[in-house]
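One structure is given here, and the rest of the page talks about it.
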Amino acid sequence: MKFIAFGFWILLVAPLTVHAQCAPGIPGAGNAGCIPPSAPNSPYNNHAGDYPIPGNAPAPKWRDSWGAVAMDDGTGAAGVAVNEESKSSASKIAMNQCSMNGSPHCRVIISYYNQCVAVAQQDGGGFIIAAGRAEQADADQYAMSQCAEHGKCAIVYHACSYAVRVP
């Protein structure tokens with residue numbers, strides 16, 4: 001009878017002494033899978049050591065891109081510049097092109113940067129308007145709508161000078 005009583009006592013106490021443990025050096029609290037602390041998916045990994053922390057990429061750098069349109073209202077001569085590094089450079093190039101066509105009275109009618117330009121002119125060489133917008137279609141549409149108040153018009157020039165990403 002003592003043997004049977006001792007057997008029941010062992011069966012009752014034995015489960016109380018058995019429990020799962022992680023291997024030495026691996027924390028068990030909050031780490032049900034016993035994942036080593038150095039593993040990337042471990043709750044104890046502070047991302048130091050062999051596993052690089054992904055950082056934010058540096059912000060891209062951009063250079064403004066300028067354009068200009070110069071015209072002589074008397075002769076109809078014109079000059080243009082696109083994708084220049086400065087307003088003065090774009091204006092100078094447009095003025096030089098216009099005056100090379102033999103026009104002494106050229107003037108810059110629009111300078112723009114990081115956008116598009118459209119020049120609309122009334123049929124027969126009358127009214128001229130230039131408009132700059134972010135997208136070419138928007139610049140064309142706006143120039144035409146403003147010119148149309150003076151009669152039938154057409155787009156005579158359009159171009160874009162968008163910002164340029166620099167390394």
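Here, each number is a calculation from the coordinates, and none is a lab measurement. All values derive from a computational prediction rather than experimental measurement. In this analysis, Cβ positions are derived from the backbone assuming ideal geometry, glycine residues included, and neighbour counts consider all displayed protein chains.
Approximating the spin labels as points 7 Å out from Cα along Cα→Cβ, the Y142-to-N96 distance works out to 2.9 nm. Each residue of the stretch 134-142 is assigned a 3J(HN,Hα), and the resulting list reads 5, 10, 4, 4, 5, 5, 4, 5, 5 Hz, derived from the Karplus form 6.51 cos²θ - 1.76 cosθ + 1.60 (θ = phi - 60°), x at Gly and Pro. Since only Q115, Q136, Q146 are under comparison, the one whose Cα sits farthest along the positive direction of the charge dipole of the stretch 109-167, derived from C-beta charges on Lys, Arg, Asp and Glu, is Q115.
Our coupling estimate for the stretch 151-167, obtained by passing each phi through the Karplus curve with A = 6.51, B = -1.76, C = 1.60 and θ = phi - 60°, is x, 6, 9, 8, 6, 9, 7, 7, 6, 10, 10, 8, 4, 10, 6, 10, x Hz, Gly and Pro reported as x. The Cβ shell under 13 Å around Q122 holds other residues with a net charge of -2, Lys and Arg each +1, Asp and Glu each -1. Sorted on the mean count of surrounding Cβ atoms within 10 Å across their residues, most packed first, peptides 98-110, 78-90 read 78-90, 98-110.
Sequence-ordered 3J(HN,Hα) estimates for the stretch 102-114 from the Karplus curve with 6.51, -1.76 and 1.60 and θ = phi - 60° stand at x, 9, x, 10, 6, 8, 6, 8, 7, 10, 8, 9, 6 Hz, glycine and proline given as x. How charged is the neighbourhood of E85? Take every other residue with its Cβ under 15 Å from the Cβ of E85, and add Lys/Arg as +1 and Asp/Glu as -1. Its environment carries a net charge of +3.
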